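Rule-based calculations on the coordinates, nothing more; no lab input. These numbers come from a predicted model, not from an experiment. Cβ: placed from backbone, ideal geometry, glycine included. Neighbour counts: every protein chain shown.
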Amino acid sequence: YMRAGYEPPFGNSVRVTFDQSIRAGKYTGQLSAMDVNGWPLIDVPGVVLELKFTDRFPNWMHVLTETFDLMRGSMPKYVECLTLLNHVGD
């Protein structure tokens, strides 16, 4: 997948990532960037936003989620990719 990640220059108490173009492919013993382009995309409307923090949910993250009316949810990328691969060709 394509990931854009952001964290403060000092410390790692918070991190924000945006994942998109999440693809699934079977490992054949070698992996090349050229192989990935032919892999199918999992069905994700938009991007997967991950808000990560170590101690407590920062207030600015709360404001971000409220401002953009974001929903908390689970997006198990690995499971979604396995599910897609098991249905390719059905």
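The 3J(HN,Hα) values that the Karplus relation (6.51, -1.76, 1.60; θ = phi - 60°) gives for the stretch 6-11 are, in residue order, 9, 8, x, x, 10, x Hz. Gly and Pro appear as x.
With neighbour counts taken as other beta-carbon atoms within 10 Å, the residues Phe18, Phe68 rank, fewest first, as Phe68, Phe18.
Sum up the charges of everything whose Cβ sits under 14 Å from the Cβ of Gln20, counting Lys and Arg as +1 and Asp and Glu as -1, but leave Gln20 out.
In short, -1.
Computed over neighbours whose Cβ is under 13 Å from that of Glu50, the net charge equals +3, Lys and Arg +1, Asp and Glu -1. Each Lys and Arg Cβ is given +1 and each Asp and Glu Cβ -1; about its Cα centre, the chain then shows a dipole of about 200 debye. Taking amide H as placed 1.01 Å from N in the peptide plane, Met75 has no amide H partner under 5 Å among residues 5 or more places away or on another chain.
The string of couplings for the stretch 24-32 from the Karplus curve (6.51, -1.76, 1.60, θ = phi - 60°) is 10, x, 7, 6, 10, x, 9, 9, 10 Hz, one whole number per residue in order, with x for Gly and Pro. With neighbours defined as other Cβ atoms within 10 Å of a residue's Cβ, the residues Trp60, Trp39 order from fewest to most as Trp60, Trp39.
For the pair Gln20 and Asp55, what calculated FRET efficiency results from E = 1/(1 + (r/R0)^6), where r is the Cβ-Cβ distance and R0 = 30 Å, to the nearest 0.05? My answer for the efficiency is 0.60.
The loop-placed trypsin sites (Lys or Arg not before Pro) in the chain, going by DSSP, that have at most 15 neighbouring Cβ atoms within 10 Å of their Cβ come out as Lys26, Arg56, Arg72.
Rounded to the nearest whole Hz, the Karplus-based 3J(HN,Hα) values (6.51 cos²θ - 1.76 cosθ + 1.60, θ = phi - 60°) of the stretch 66-76 follow the sequence 6, 4, 9, 6, 6, 9, 7, x, 10, 9, x, with x at glycine and proline.
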